[in-house]
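Coordinate-derived values only; no laboratory data. Bear in mind the structure is a predicted one, so any value in this text is a computation, not a measurement. When we count neighbours, we look across all protein chains shown, and the Cβ atoms used for this are built from the backbone with ideal geometry, even at glycine.
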Amino acid sequence: MAKPKSDLLQGTLDLLVLKTLELEPMHGWGISQRIQQISESVLQVNQGSLYPALHRLEEQGWIRSSWGASENNRQARFYELTPRGRKQLADETANWERLSVAVGRILRTA
Amino acid sequence: MTPIASIFRFLFRRQRFEAGNDAELRFHMERQIEENIRRGMTPEEARREARLLMGGMEQIKEECRDARTGRTIETMMQDFRYAIRVLLRNPGFTTMAVITLALGIGANTAIFSVVYGVLLRPLPFQRGGQLVVLHQEASAVNVPDIPFSVHEVTDYRDGNHTLSSVVEHHTMTFLLIGKDSAERVETAVVSANFFDVLGVRPLMGRTFVASDEAHGADAVLVLSYKYWQTRLHGDPNIVGTVFHMNNRPHTVIGVLPALPQYPVESDVYMPTSQCPFRSAPGFIANRQARMMTVFGRLKPDVKLTSAQADLSTIARQLTRAYPEAYPKGAGYGIKVEALQEDLTRRARSIFLVLLGAAGLVLLIACANVANLFLARLLKLERELAVRAALGASRFRLMRQLLSESMLLSLAGGTVGLLLAPVAMRLLMKFAERFTTRADEIRLDWPILVFTLLISLVTGLLFGLAPAFSSIRHPNDALKQAGGRATMSRGRERLRGALVLAQVAVSFMLLIGAGLMIRSFVRLQEQYPGFQPERLLTLRITPSFSHYAQTSQLQAMWDNLLRHVRGIGGVQSAALCTNFPFNPGGIQSGPSNATFEIEGRPVSKGELAPLVDNTIVSDGYFETIRQPLLSGRTFTPHDDQNAKPVAVINQTMARHRWPTEEPIGKHVRFQGGNGGWMTVVGVVGDAQEYGLGRKVLDEIYTPLDQSGFAGNLVVRTTFQPTNLAPLVRAAIRDVDPLLAVDQISTVESLEQESITSPRVMTILMGLFAVLATVVSACGIAAVMALAVSQRSHELGLRMALGAQRNAIVTMVVRQGLALAIGGTAIGIAGALVMTRLLASLLYDTSPTDLLTFAGISALFLTVAAVASFIPARQVTSIDPLIALRQE
């Protein structure tokens, strides 16, 4: 854990969770592992914010949960995107890209 | 999952929710441990490391719960459950608060329901907002409402560009003769399209069509719902029934629905061509024969102001074209007014004053409950501080206090809602005197919403101030370890201010009530100008077709008077068109006849003087005992064969002949067929149109020279109502088809004529007493708390030798200081507010010194007693115990 870590802004975590679920339904542990792996451990997902975020997203109707068997055949709660969640993901992604282009431009020129 | 399902699952499937969460987090933990072992840690290390990474399990669960919408509802329920427990633990406080609030909210609900029903509720007609009333006025001589003549109705109907239709209405009293009955009916005579313009559809049959109004059409009638129900027992086959009226058969063609009627309640309706007066050629031809009220409907999207401009143009044209009908000096004009405005004008000021008074009572109730709340918070201070220290947010604590106040005010509102209908029934009777809309008063949705709203606002009002003041400094509160809680200076100031406001507002209400009482006493003490005791009165309507000749009618009247005067117990009897306190006369108002004095001709285009004319038989002044000041009264010899004579009242004598002797002068009415009449007598002024009214110039003319007078007044030697059956029998002997109604005594009519000021006075008095009791309790409560808080200090003073009496005086003085401060503010407020009452007062200035002084004295006495009671507790303080309390 020597690499520099970044704290996640709340909205960003929601976006990452939605993105992670885009391909397939996943359980909480899987989501945290996936984010960590893909970001090459730059982004550490804290359990204390991941689970409340999952509850929040479910309350918004963007994801839904169901119980199923995990890889090692144990009961786990799987989350999947709802159609509304898919739309939200598209909106948020576009938003994020616009924002990061703008911030990048400022950082380069200013 | 839908939001509602999610909330439901969170609130009611809680165990499953929690179990799922636990399992999920446990799963996460186990996977973390496995991962750690895979990386080469020992099982113990792996477990420890995983736990460290996870952080506080309970904290995560709590945050997961907070992420749910149902959570807000859950905490709210918790707050309410807690509030209920707290309120039930303090039954005294709760009962006091709920009763105070129920009285305040109940009073407001009742009065608002009247205000809403009468002033605000939309008229029950199709697009009622488009309906307007037309008023002709003579502004220069202060006559705001002149009826219309047939010519005028036609001119305005055909000449305007802003009204889609114009209809006329007037009322007449006719005799409706059925198979075996003769009954006097209030008849509305209306244009054929009257009901179409109002948008009223018949309950049964049909309403009028244009052909019904044609000259020579068969006579038809439409019955009002009330008349059909009460007089004809709701006969389902009534349509087609034939009655006789004005010597013609009239067929019932329809019955109206149970809507309130505008502009007045009538029994039956007929088209204009059927009214013998309205259809007389002479009446139609005469531009100055005015009798009708005129309504219209605005064309779509036309504003009242443009209709006003449009009709004013017609009025100017009329003034130019007919100068003799619209004299220059009169200031003739026309006014268009929304029907809703017009119907409720008289009720407006009275009910708004009452609503204002009720609002003030509620404010006082609020202040009082806020004070009780503050006192209770004092005991709660340490508990709140501890909870704040343990991490309860300020917002959460405040929310909990507010849920207590909301619960109280909702409970108060509910009890108030149960009380309101009782008050409403009384208020409806009262409202009937001012407007035909009284029937529309009921407890329905808008009223319930109003009650809910004022309950919530009330709860916020009395809950917020204490809640804010209490959660300021939890640290300070905790520092007072183990000691008595004392009141913070800020809160003490808040309580003082609340009591001050209560005192000031209730003082204002008391002043209002005081002024009303004083005005009412003045009104009742007024000399009516005659002796109303033991006077029986009743109304007689002959069938005009049976007495076509004036001489036949006069012979019948003479015969009738002879019969009645012959009854044992009758001292004297007379006939008249109107007598003082006659409800019919009060309703229709003075006759406003124009007249002329010999030798003082009225030049063309100038306005002739106005006078009220009453026709009386011989013996009238003697019967009601209206004093004769000079000359003589009428005798049986003043008939058709004798010289025309008149008697005038004192006001007219002073007004028209200030320096001369009026007796022997000659006067005549304009436009009538009568010649000059000689003034033969002057009588004292009588309050013809009710106590407190301005006395008008009055000309009395003798019955036998003038024609018709349907009111009989009888002076009896004993209880007049006992004589009523005998009088009725005597009348039946004369002619069984004479309709007799409105049997009453003049004394009871006098009482009835002042019912509205009486009810108004009682209501204001009730509000004021309520307010005073509530604020006296407020003063007592504040002083009691002050004494118990200062018992240590007072004990110390006593130990040092202070006399108990001196201490009692000190406490009372402090209570009085509050009362005097509040009274001072109240006086200032009352001087401004009572101006609103001026129009309701009779012969009483809104700044009446005696009332202000008397009420101040009364109020300060109440305040002194209210602070003396808690001050007496001082005497029970034992200096030893008080000192040891620390």
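In vacuo Debye scattering of the range B:86-164, one point per C-alpha: log10 I(q)/I(0) at q = 0.14, 0.24, 0.26 Å⁻¹? Relative scattering, expressed as log10 I(q)/I(0), comes to -0.77, -1.10, -1.15. For the range B:128-343, dividing the convex hull volume of the Cα atoms by the residue count gives 124 Å³ per residue.
Plainly put, the protein assembly as shown has a radius of gyration that is 1.14 times its Kirkwood radius, both from alpha-carbon atoms, as the Rg/Rh ratio.
Of the GluC sites (Glu not before Pro) found in the range B:259-361, the ones in coil according to DSSP and having at most 12 other Cβ atoms within 10 Å of their Cβ are B:E324. In plain terms, if you count all Cα to Cα distances in the range B:3-68 and split them into 5 Å steps from zero, the share in each step is 3, 16, 21, 19, 13, 10, 8, 5, 3, 0 percent. Among B:H215, B:H28, B:H546, a tally of other beta-carbon atoms within 10 Å of each Cβ gives an order, fewest to most, of B:H215, B:H546, B:H28.
Normalised by residue number, the volume inside the convex hull of the Cα atoms of the range B:793-832 is 48 Å³ per residue.
Radius of gyration (Cα atoms) of the range B:246-326, expressed as a multiple of 2.2 N^0.38 Å: 1.50. Placing dummy labels 7 Å off each Cα toward the beta-carbon, the span from B:N142 to B:S349 is 1.4 nm. Rounded to the nearest Hz, the phi-derived 3J(HN,Hα) couplings of the range B:705-719 under the Karplus curve 6.51 cos²θ - 1.76 cosθ + 1.60 (θ = phi - 60°) are 9, 10, x, 9, 8, x, 9, 9, 10, 10, 8, 10, 8, 9, 2, where x marks glycine and proline.
Note on A:R86 and B:E186: their simple-model spin labels are 7.3 nm apart, each label 7 Å out from Cα toward Cβ.
At an R0 of 35 angstrom, the distance between the Cβ atoms of B:L418 and B:T755 translates into a FRET efficiency of 0.80. Figure legend: label point modelled 7 angstrom from the Cα of B:E44 along Cα→Cβ; no residues of the range B:1-37 have amide N under 15 Å from it.
Rg over Rh for chain B works out to 1.12, using Cα positions for both radii and the Kirkwood form for Rh.
Semi-axis lengths, largest first, of the ellipsoid equivalent to the range B:543-737 are 30, 19, 16 Å, with √(5λ) applied to each eigenvalue of the Cα gyration tensor. The value of relative contact order for chain B, using C-alpha pairs under 8 Å at least six residues apart, is 15 percent. The length gained on full extension between B:E533 and B:M57, counted as 0.36 nm times the residue separation minus their Cα-Cα distance, comes to 162.1 nm. Residues whose amide H lies under 5 Å from that of B:H250, counting only those 5 or more places away or on a different chain, are B:F243, B:H244, B:M245; hydrogens are built 1.01 Å from N in the peptide plane.
The relative contact order of the range A:10-109, computed from alpha carbon pairs under 8 Å that lie at least 6 residues apart in sequence, is 29 percent.
Determine the sum of side-chain charges near B:L374: Lys and Arg each +1, Asp and Glu each -1, restricted to other residues whose C-beta is under 12 angstrom from that of B:L374. The answer is +3.
Once the Cβ-Cβ distance of B:S845 and B:N559 is raised to the sixth power relative to R0 = 41 Å, the FRET efficiency obtained is 0.15.
Just so you know, the averaged projected area of the alpha carbon convex hull for the range B:723-873 sits at 14.7 nm². Restriction of the trypsin sites (Lys or Arg not before Pro) in the range B:137-206 to DSSP coil positions whose beta-carbon has at most 12 other beta-carbons within 10 angstrom yields B:K179.
With 24 Å as the limit, the listed pairs B:K299/B:K328; B:K328/B:K665; B:K179/B:K226; B:K429/B:K694 have B:K299/B:K328; B:K328/B:K665; B:K429/B:K694 beyond it between alpha carbons. Listing B:W657, A:W62, A:W67 from fewest to most neighbouring C-beta atoms within 10 Å gives A:W67, B:W657, A:W62.
Using DSSP to call loops (not H, G, I, E or B), can you name the chymotrypsin sites (Phe, Trp or Tyr not before Pro) in the range B:269-374 whose Cβ has at most 16 other Cβ atoms within 10 angstrom? Here the sparse-neighbourhood loop sites are B:F277. Annotation: the residues B:S211, B:S744, sorted from fewest to most other C-beta atoms within 10 Å of their own C-beta, follow the order B:S211, B:S744.
Say a paramagnetic label sat at a point 7 Å from the Cα of B:A806, along Cα to Cβ; which residues of the range B:755-796 have their backbone N under 18 Å from it? In the range B:755-796, the label zone of B:A806 (backbone N under 18 Å from the point 7 Å along Cα→Cβ) covers B:791-796. Annotation: amide H of A:Q44 within the under-5 Å range of A:S6, sequence separation 5 or more or interchain, hydrogens built in the peptide plane. Other residues with beta-carbon under 10 Å from the beta-carbon of A:P52 carry, at +1 per Lys or Arg and -1 per Asp or Glu, a net charge of +1. For the range A:10-109, what percent of Cα pairs sit more than 16 Å apart? So the pairs more than 16 Å apart make up 59 percent of the total in the range A:10-109. Quick one: net charge around B:D612, please, counting Lys, Arg +1 and Asp, Glu -1 for every other residue with C-beta under 10 Å from its C-beta. Summing Lys and Arg as +1 and Asp and Glu as -1 gives -3. The simple Förster model, with R0 at 35 Å and r as the Cβ-Cβ distance, assigns B:E74 and A:V101 a FRET efficiency of 0.20.
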